[in-house]
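The values are calculated or read from the model by the stated rules, or taken from the named source; none is laboratory data. Bear in mind the structure is a predicted one, so any value in this text is a computation, not a measurement. Using ideal geometry, Cβ is built from the backbone for each residue, glycine included, and neighbour counts are taken over all protein chains shown. With ligands, DNA and RNA removed, areas are computed over all heavy atoms of the protein, side chains included. Shrake-Rupley method; radii C 1.70, N 1.55, O 1.52, S 1.80 Å.
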Amino acid sequence: MLKYSILFIGLLFTALCAKAQIAKRYKYKDLVFSDVTIDKDLSYALNAHPNEKKSWLFDLYRPKDDGSSPRPLIIWMHGGGFKFGTKEAKGIQLWSKSFAQRGYVCVAINYRLSKKNPLFDFDEFKKSCYNGVQDVKMAVEYFKLHHMEYNIDTNKIILAGNSAGGLIALQATYSTDAELAKMADVADTSANKQGLLKIAGVINFWGGIFDLDWLKNARVPIVSVLGSKDNLVPPTHKSAPLYGGIDIHKQADALNLPNELKVFDGYSHELQRQFNPFFSAGKGTQKRWLMAGQFAADFLYKSLFH
């Protein structure tokens, strides 16, 4: 009888240990916080003209009841072809909330949109990207100045975005203002003459980079996610000087730049079955967005916290 009792206790202990291991969650990788606080319509350009103030608003997402200090920051930028979109886009809200649940401070920002038609004018598209890059650089400087207020680790600032937001993140991290201004055929009016931003990582959701050689400029880890049938930002180069996630992955590998790529086979832009910007993303698309977020979180955890 004693033998069976000892055996039962041993089995029970083993089962409890296994359950504990399964239930263990890791901060910055898993969803460890159930609640998130959201502060809306703050500004990262305090002296902005009233007519442009909306362009520089941000929403702040923080894990509730997290006493950690300081915490990594992710700056999220929406898509919309530099013509449409806001910080309240469904995907941006979903990623900002879920990454805050992992322990990050997240800010979803607006940036200046074109008054022209960048979707059908590639020159305007490049100029709009240049403006977006200047805006996110202003945001980075703002959060560095206010790092104590928001409990931010300035050595772990990550740029992230989908579509046009991904383009901004890539260009802001890997190109100099002079290089980007030359590409966009605009005068370099930026205040930053010190070179590249000091960024800890890039999350590129179905965005692209104008020049693969720019990846040589910075040793910043990058994670990309895309759909194999994306015709809006093709995974590999076609005609315009724009290189998608597969091109970026290959070039990063050649440069020994830490990176990972996830391709959703059979899906288009925004991981939709067939991309349509005028219809709200369904449950299937949102599920893929969450999968993309987890893939990015796993990569950042390995790159920045190990």
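Only one of Asn117, Asn51 is exposed (fewer than 15 other Cβ atoms within 10 Å of the Cβ) and touching a Lys or Arg at 6+ places or on another chain (Cβ under 9 Å). Can you tell me which?
On inspection, the qualifying residue turns out to be Asn117.
I'm trying to understand the selection: among the residues of segment 61-81, which are in contact with a Leu (Cβ under 6 Å, 6 or more places away or on another chain) and of a type outside the set (Gly, Ala, Ser)?
Answer for segment 61-81, where residues must be in contact with a Leu (Cβ under 6 Å, 6 or more places away or on another chain) and of a type outside the set (Gly, Ala, Ser): just Ile75.
Is it fair to say Leu145 is among the aliphatic types (A, V, I, L, M), modelled with pLDDT under 95 and surrounded by fewer than 21 Cβ atoms within 10 Å (Cβ to Cβ)? Please lay out each step first, then the result.
Working: among the aliphatic types (A, V, I, L, M): yes; modelled with pLDDT under 95: no; surrounded by fewer than 21 Cβ atoms within 10 Å (Cβ to Cβ): yes.
No: the conditions fail for Leu145.
Looking only at residues that are of a type in the set (Ser, Thr, Tyr) and within 30 Å of His306 (Cα to Cα) in segment 25-48, which one is least open to solvent (accessible area, probe 1.4 Å)?
Pass one, segment 25-48, residues of a type in the set (Ser, Thr, Tyr): 26, 28, 34, 37, 43-44.
Okay, now just the ones that are also within 30 Å of His306 (Cα to Cα), so 26, 28, 34, 37.
On the way: Tyr26: 95, Tyr28: 30, Ser34: 95, Thr37: 50 Å².
The extreme case among them is Tyr28.
Say we look at segment 170-209 and pick out the residues that are more than 16 Å from Lys137 (Cβ to Cβ) and open to solvent by less than 30 Å² (accessible area, probe 1.4 Å); which of these is nearest to the chain's Cα centre (by Cα)?
Top of the filtered list is Ile203.
Kindly provide the set of residues from segment 146-199 that are without any contact (Cβ under 8 Å) to a residue 60 or more places away in the chain and in contact with a His (Cβ under 6 Å, 6 or more places away or on another chain), ordered by number.
none
What residue, among those in segment 246-271 that are assigned to a strand (DSSP E or B) and hydrophobic (A, V, I, L, M, F, W, C), is least open to solvent (accessible area, probe 1.4 Å)?
Here the residue is Phe264.
Residue by residue through segment 210-245, note down the ones that are aliphatic (A, V, I, L, M) and either in contact with a His (Cβ under 9 Å, 6 or more places away or on another chain) or loosely packed, with under 15 Cβ neighbours inside 10 Å (or both).
Result: Leu212, Ile222, Leu226, Leu232, Val233, Ala240.
Of all residues in segment 72-98, which are surrounded by fewer than 21 Cβ atoms within 10 Å (Cβ to Cβ) and either among the aromatic types (Phe, Trp, Tyr) or part of a strand (DSSP E or B) (or both)?
Result: Phe84, single match.
Could you please let me know if Leu42 is outside any loop (DSSP other than H, G, I, E, B), within 15 Å of the chain's Cα centre (by Cα) and not polar (S, T, N, Q)?
Taking the combined requirement at face value, the residue does not satisfy it.
Does Ala296 fit the bill of being open to solvent by less than 20 Å² (accessible area, probe 1.4 Å) and either under 17 Å from Asn162 (Cβ atoms) or of a type in the set (Phe, Trp, Tyr) (or both)? If you could, list the steps in order and put the result at the bottom.
On the way: open to solvent by less than 20 Å² (accessible area, probe 1.4 Å): yes; either under 17 Å from Asn162 (Cβ atoms) or of a type in the set (Phe, Trp, Tyr) (or both): yes.
In short, yes.
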